[in-house]
Amino acid sequence: MKNRLREKALELGFADIGFAEAKPLDLYIQEVDSRPPEMYSFTINDTFSLRRGADIPTKNPWAKSLVVLVRNYHKYQFPREMTGRIGRCYQVDERKEKKEEYRQLISYFHFLKSEGIFFFLDQEIPARMAAATAGVANYGKNCFAYANRVMRGASWLEIIPLIMDRELEPDEHTISYNCPSWCRNACMAACPTKAIYAPGKINPHRCIAYNSYYGNGITDTELREPMGTWVYGCDRCQQVCPRNAAYENQPLPVNVPLEARAADFRLERLLNMTDEYYTEKIWPLCFYISRKNKAKWQMNAARAMGNTTDRDYIPELITALKNNPDETVRGMCAWALGRLGGEKSKAALEARRANDNDLVCREIEAALNSL
Ligand code: SF4
Ligand code: SF4
């Protein structure tokens, strides 16, 4: 049975598959229980809880095995226009658009059903710990999972944990940090927000990825500059990692459909996009920000513009400062104009200083002071 599951997974294009007993993921549970509750409240609450998912037998008493599929999400090059702005894994997330990768998983589900296997794709199972438990990945000190047997050991992998009602011989776990000592923790040094506060420990509330799609209100002043030009997600601690160099430095085919839509994610298009543009071009690919929260994208685009030092963005920022209905977007435009500087920025900020609400006026005064 195990061989059949493996052969079918590889035949359908998955990179790897591993097997474990359906036991509690104890190390994960110990780790989150040792952290302040507020650090993980976004993934451990009544409606969604990785802590609950980690206790596999309590949540799913019928489960006998944990089976982990690995998908390589870096089979193609990523568009240069999106590099450093949109995290790679999100650029090829096909769950909403139901394209080839999605259909591959559905085909695997059909196969499992045809074999009479009862299974469940439990989104609450902590994916990286599941992968290490099933022997398909090990950890980097940046907390990402690195492939053991495939993808030249890289971290560009999507992990799909399934629980099944069949006893399957478990593989040996690979829960370990396999980082070379000569690396000297390059990921920690490169993390712009210092989110990796110790090897293998990230404070999500300081992570750019978290801040780009979660959280309400205008981004804290302290984080705006370190968040740089990332609009949605962040790959920095993976890009600098020498464990990814072999994979990254090889020639990969162009992703033609993705290249064709890369221009949709230009900062100027994001900043002043309509509701239709957002729901038709952006949200179907990058859906962690709700369909109703276009303003979060626009605020992120304004912040990214401010961090480019490119004054060509000033006219777009002035337009949004005047016209955007959301105060967090207008406030961030003021901040960005202060960062980019120049006479046009100053004139636009002065023209708005008495014509907006408290939040935006505070941002305008701070921006003018910074000029
Ligand atoms: S950058 Fe260095 S320490 Fe960080 S995950 Fe990569 S090899 Fe490990
Ligand atoms: S994803 Fe970015 S912000 Fe988050 S830990 Fe890695 S480098 Fe830091």
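The values are calculated or read from the model by the stated rules, or taken from the named source; none is laboratory data. Since this is a predicted model, take the numbers as computed values, not measurements. Methodologically, a virtual Cβ is constructed for each residue, glycine included, from the backbone with ideal geometry; neighbour enumeration extends over all protein chains shown.
Numbers below:
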{"quantity": "Residue that is closer than 13 Å to GLU124 by Cα and basic (Lys, Arg), where the choices are LYS2, LYS8, LYS64, LYS59", "calculated": "LYS59"}
{"quantity": "Criterion violated by TYR139 - all others in (1) surrounded by fewer than 22 Cβ atoms within 10 Å (Cβ to Cβ); (2) within 16 Å of ligand 1 (Cβ to nearest atom); (3) in contact (Cβ under 8 Å) with a residue 24 or more places away in the chain satisfied", "calculated": "(1)"}
{"quantity": "Residue within the range 266-273 that is part of a helix (DSSP H, G or I) and over 30 Å from LYS98 (Cα atoms) present", "calculated": "no"}
{"quantity": "Qualifying strands (runs of 3 or more DSSP E) (wholly inside the range 145-260; at least 1 residues being touching a residue at least 40 places away in the same chain (Cβ under 8 Å) and within 13 Å of ligand 1 (Cβ to nearest atom))", "calculated": "145-147, 196-198"}
{"quantity": "Pairs with Cβ under 9 Å, 6+ apart, first in the range 103-120 and among the hydroxyl-bearing types (Ser, Thr, Tyr), second part of a loop (DSSP other than H, G, I, E, B)", "calculated": "SER107/LEU12; TYR108/LEU12; TYR108/PHE14"}
{"quantity": "Residue, nearest to PRO325 (Cα to Cα), within the range 341-362, restricted to residues that are under 34 Å from the mean Cα position of the chain (by Cα) and hydrophobic (A, V, I, L, M, F, W, C)", "calculated": "VAL360"}
{"quantity": "Top-ranked residue of the range 77-91 - restricted to ones that are more than 12 Å from the chain's Cα centre (by Cα) and not in a loop (DSSP other than H, G, I, E, B), ranked as surrounded by the most Cβ atoms within 10 Å (Cβ to Cβ)", "calculated": "MET82"}
{"quantity": "Index of the failed condition, GLY338 passing every other in (1) out of contact with any Ser or Thr (no Cβ under 7 Å at 6 or more places or on another chain); (2) within 18 Å of LEU359 (Cα to Cα); (3) assigned to a helix (DSSP H, G or I)", "calculated": "(1)"}
{"quantity": "One residue from ALA186, ALA246, ALA209 being near ligand 2 (Cβ under 8 Å from one of its atoms) and either buried (at least 21 other Cβ atoms within 10 Å of the Cβ) or not assigned by TED's automatic domain parsing to the domain that holds ALA9 (or both)", "calculated": "ALA209"}
